[in-house]
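Following: one structure in structure tokens, then a few remarks.
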Amino acid sequence: MQDYPMEYYQFFIRFNEGDYYTCHDLLEDMWMEEKGNLFLKGLLQMTVALYHYSYGNVKGARVMMYVALEYLQPYRPGHWGLDLEKVVNFIQDCLFIIPEDIDAIPYSAIGSLPVLPSLFLFLEDD
């Protein structure tokens, strides 16, 4: 298996815990070192989308999911040990579920939003 930056391994742990804010920080640290890496940028946008959705910024979540999809599509079927077919399908499922007629809701009403599917990430051998 290929060696990756430590932040990448930590990203998998935090993502699977649902800690999307920390995922953003970890991915951003890597991306700042390698700004041409659109794979990292796509993962970053996906985690930002999930974070936005978690606090009611529905429009922001929707926009970031579309951007993530655009960045990650070219890396299919897999990259850096990640099954991108699974990730892209997850993003598409989220986009189907995220309401298009809502921009934002108060934090107190977040429970009324449709629940997004779950995604468990793990590294595969390249």
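Observations on the model:
- All positions within the stretch 1-20 that are closer than 14 Å to L116 by Cβ and either out of contact with any Phe, Trp or Tyr (no Cβ under 9 Å at 6 or more places or on another chain) or surrounded by fewer than 16 Cβ atoms within 10 Å (Cβ to Cβ) (or both): G18
- Pair list, Cβ < 6 Å and 6+ apart or interchain, from the stretch 28-39 residues that are farther than 18 Å from Y9 by Cβ to residues that are surrounded by 12 or more Cβ atoms within 10 Å (Cβ to Cβ) and at pLDDT 90 or above: L38/Y71
- Count of the stretch 108-126 residues which are closer than 17 Å to G18 by Cβ and over 15 Å from the mean Cα position of the chain (by Cα): 5
- Residue in the stretch 17-28 that is of a type in the set (F, W, Y) and touching a His at 6+ places or on another chain (Cβ under 7 Å) present: no
- Selection status of I105, of a type in the set (V, I, T) and either under 23 Å from Y4 (Cβ atoms) or part of a helix (DSSP H, G or I) (or both): no
- Of all residues in the stretch 21-40, none satisfies being under 13 Å from L119 (Cβ atoms) and hydroxyl-bearing (S, T, Y).
- Among residues of the stretch 60-86 that are under 14 Å from L38 (Cα atoms), those with a beta-carbon under 7 Å from a residue that is charged (D, E, K, R) and at pLDDT 95 or above at least six positions away or on a different chain give the pairs Y71/K41; R76/E85; L84/R76.
- The residue of the stretch 38-97 that is surrounded by the most Cβ atoms within 10 Å (Cβ to Cβ), among those that are of a type in the set (D, E, K, R) and farther than 17 Å from T22 by Cα, is R62.
The values are calculated or read from the model by the stated rules, or taken from the named source; none is laboratory data. The shown structure was predicted, so the numbers you read here are calculated from the model rather than taken from an experiment. When we count neighbours, we look across all protein chains shown, and the Cβ atoms used for this are built from the backbone with ideal geometry, even at glycine.
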